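Below: the structure, in structure tokens.
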Ligand SMILES: Cc1cc2nc3c(=O)[nH]c(=O)nc-3n(C[C@H](O)[C@H](O)[C@H](O)COP(=O)(O)OP(=O)(O)OC[C@H]3O[C@@H](n4cnc5c(N)ncnc54)[C@H](O)[C@@H]3O)c2cc1C
């Protein structure tokens, strides 16, 4: 759906990263790209040596603008590494950054499987799932809401007491709630605790 609520078939670009030989030595990236090119909504596929490099990102920007891509799937390393990088790439090309879906064919495929057909098929499955998922993406916009900089800790056992102290030490107001008449939880019912034999209370 666009912002007017009308359905428009997405134009998805799929980028298969080789990560040097990190992925390419195990996964047949060309076969994955050929497979991806036949998936619903995919209008462009590319195999890059390093998709995260400046030239790799420049290619994505150019494709978004020239090929009118409105969704991008990147099969590469963990999103923990480069999802922010690629979101910025989309944004700099004028596309909402949340029209990106990354799938991890390095840590979840090439680094944990031997080279061969099975690894390539797993990469294909992950790419197919990412393409399905990106169809459902919506543009997201950051917004700010006023919040109360305070915390409520429920339960004043040793865990709750420690959490309350840590939050308070960080400079925030804490409300510690206990349903029993006294705090301390289980620990307060013990005499000495293993292994140090400290006085529990
Ligand atoms: C018999 C026994 C011996 C043990 N011996 C040792 C030992 O030798 N050494 C050691 O390290 N550990 C020992 N333990 C383990 C240790 O006591 C517990 O790991 C520890 O007390 C757990 O702390 P807690 O804060 O997570 O939970 P709890 O101590 O269970 O505290 C939870 C608190 O939350 C409150 N609460 C729960 N729900 C609500 C609610 N909805 N609203 C408000 N308050 C709520 C409860 O009343 C309670 O005060 C022993 C435990 C037992 C039972």
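The numbers here are math on the coordinates, done by the rules we state, and not lab data. As the structure is a prediction and not an experimental result, all values here were calculated from the model. Neighbour counts run over all protein chains shown; Cβ positions are idealised from the backbone, glycine included.
Odds and ends about this structure:
- Relative contact order computed over the chain (Cα-Cα under 8 Å; 6+ residues apart), in percent: 18
- Ranked by the mean number of other Cβ atoms within 10 Å of their residues, highest first, the peptides 46-53, 144-151 come out as 46-53, 144-151.
- Based on DSSP H segments of at least four residues, each scored -39500 (n - 2.57), the chain has a per-residue ellipticity at 222 nm of -10500 deg cm²/dmol.
- For the range 107-201: rounded, prolate or oblate by the Cα gyration tensor [a/c cutoff 1.5]: oblate
- Tensor-based shape of the chain (alpha-carbon gyration tensor, a/c under 1.5 rounded, otherwise prolate or oblate): prolate
- Between the helical axis of 79-92 and the longest alpha-carbon principal axis of the chain there is an angle of about 60 degrees.
- Prolate/oblate/rounded call for the range 150-199, Cα gyration tensor, a/c under 1.5 rounded: oblate
- Seen against the Cα atoms of the chain and their longest principal axis, helix 117-135 is set at about 80 degrees.
- Helix 54-66 and the longest principal axis of the Cα set of the chain meet at an angle near 70°.
- Peptides 26-38, 78-90 ranked from most to least packed give 26-38, 78-90, packing being the mean of other C-beta atoms within 10 angstrom over each peptide's residues.
- Packing rank of 104-111, 180-187, 127-134, 70-77, where each peptide gets the mean count of other beta carbons within 10 Å, highest leading: 70-77, 104-111, 127-134, 180-187
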